[in-house]
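Written out below as structure tokens is the structure these notes cover.
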Amino acid sequence: KNYCRHQVYNHHQQPCRHFSKQETPQLVSITDHLDELHKIPLADVRNFCIIAHVDHGKSSMASRLLEYTGNLGHDRQATAHQLGEKTTTAYNQDESSAIIKDNADTSKETGSKSTKHKEIKEEITLLDTLKVERERGITVKASAASMLYKHPSATNDQGWILLNMVDTPGHADFGVEVSKSLASIEGAVLLFDSVQGVQAQTLSVYDKARALGKQILPALTKIDIPSARPLEVALAVSDLFAFDPDTIMKTSARNRIGVRELLDSVCENIPPPSPLSDDDGTMLR
């Protein structure tokens, strides 16, 4: 396979894998290959969850991952790739002021336009299916979804990685759901709100994940809103959790910033599940 590889170390002193990006991502959707999933070896499976304090963007990011990997249809997938590459490139090239200004102008709009943006917000919380979750904008129960993503780290001929994702609650009252989710995965994406920074449940879910020995991938969310403090929050996260500031991903579900980078990081740094002693290759995983 034609890719580059080098190693760095995370806060657990375990090697992280990094592969060079493809020039143009090849689109693949699990909805087109349901009858071929059994061919994917265990080495190409990644089980992970998204954890964070309440209202730090878990469900919104989970919905963007589903969109980017084609679970919501080919048209939305193509749009997500196009807009995601554009906004991520603009942000990385210090053109974020235009994105932030656009969001500031949007937040001042009223009437029908504000209703439209409210509908858009609801569309990117697809895993919140309970009525109370929709009404109050919180996640009560953990929800799981599977995705296919083409990545050079895959060992199978198709180049597919099977991603099994769990979106978890952030409120302290639903901590049991978080614990159950962490027990079923090998790695977790830990989100930090770029405005609010580290909060109480951030520390709680981090401690749970670390106690179970899970690989933890840090990421900032909401980096494109006017009051965001990504640099300040990244330094605080680095100080409290001993993450390398350069490894903390910068994302925004609203403008699809950093979605591809997050998927790549999951594929590269979260280990595959270990086979069971009685696994004959036919059991569900």
Checklist outcome for this item: Within the range 230-285, restricting to residues that are over 20 Å from the mean Cα position of the chain (by Cα) and open to solvent by less than 90 Å² (accessible area, probe 1.4 Å), the one that is modelled with the lowest pLDDT is Met283
Item to check | Any chance Asp207 is touching a helix residue (DSSP H, G or I) at 6+ places or on another chain (Cβ under 9 Å) and open to solvent by 10 Å² or more (accessible area, probe 1.4 Å) | outcome: no
Item to check | Filter result for the condition that a residue is at pLDDT below 85 and surrounded by 15 or more Cβ atoms within 10 Å (Cβ to Cβ), over Asp55, Asp44 | outcome: Asp55
Checklist entry - Residues of the range 152-176 being closer than 23 Å to Gln199 by Cβ, open to solvent by 10 Å² or more (accessible area, probe 1.4 Å) and either at pLDDT 95 or above or touching a strand residue (DSSP E or B) at 6+ places or on another chain (Cβ under 9 Å) (or both), which ones? => result Val166
Checklist outcome for this item: When Asp224 is run through (1) open to solvent by less than 40 Å² (accessible area, probe 1.4 Å); (2) modelled with pLDDT of 90 or more; (3) not in a loop (DSSP other than H, G, I, E, B), the failure sits at (3)
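The values are calculated or read from the model by the stated rules, or taken from the named source; none is laboratory data. Note that this is a predicted model, so its numbers are computed, not measured. Cβ atoms come from the backbone with ideal geometry, glycine included; neighbour counts cover every protein chain shown. Heavy atoms of the whole protein, side chains included, go into the accessibility calculation; ligands, DNA and RNA do not. Shrake-Rupley method; radii C 1.70, N 1.55, O 1.52, S 1.80 Å.
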